[in-house]
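Below you'll find the structure, written out as structure tokens, and then a few comments.
Values in this text are rule-based calculations from the coordinates and carry no lab data. What you see is a predicted model; the values in this text were computed from it and never measured. Cβ sites come from the backbone with ideal geometry, for glycine too, and all protein chains shown count toward neighbours.
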């Protein structure tokens, strides 16, 4: 039987055994990232479904922004733990963005303004549909100032526009 590649929308389906709470260890792929957020070995870390990440992304109104850190804070609070897995979070953010584009291409209504969700420190996401250039275009259309930083782009003064967590 031939392998059928999953669509982005298929990848948004809930995973078995999630949400799952783990005890953070140094050998976790996300450890360095969450350690930068002040987390330490022994903290409780939640792994969630992509749908939950998308639901949080949907709450970002026009004129506001969110980073992976705000999503992690919201999920950690929801599950009463110290942190979430930033690695899976990044994957799910990208998956949600591509699923939204795929749905629109199929004529389905999808109101996920994924471009308002940034990487850490206000950087644009090269894995979004159309890459950083398209995200830059969409953010500038909403009056955000986007600056070039080496090969990357960053929203100027992004902290001023972050949603409250």
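Please list 71-78, 34-41, 132-139, 144-151 highest first by mean number of surrounding beta-carbon atoms within 10 Å per residue. Could you put the intermediate results ahead of the total?
Details: 71-78: 19.2, 34-41: 15.4, 132-139: 17.8, 144-151: 12.1.
Sorting 71-78, 34-41, 132-139, 144-151 by mean packing, highest first, produces 71-78, 132-139, 34-41, 144-151.
Here is the P(r) of region 14-82: all C-alpha pair distances, binned every 10 Å from 0, give 19, 50, 28, 4 in whole percents. Inter-part distance, region 20-35 to region 127-144, computed on C-alpha centroids, equals 31 Å. Here is the tail figure for region 18-161: Cα pairs spaced more than 18 Å apart come to 56 percent of all pairs.
Using 0.36 nm per residue and subtracting the Cα-Cα separation, the extra length available between residue 36 and residue 15 on full extension is 4.8 nm.
If packing is taken as the mean number of other Cβ atoms within 10 Å per residue, what is the order of 94-101, 109-116, highest first? Could you put the intermediate results ahead of the total?
Numbers: 94-101: 21.9, 109-116: 17.1.
Highest to lowest by the protection proxy: 94-101, 109-116.
One quarter of the surface of the convex hull around the alpha-carbon atoms of region 89-165 equals 5.5 nm², the direction-averaged projected area.
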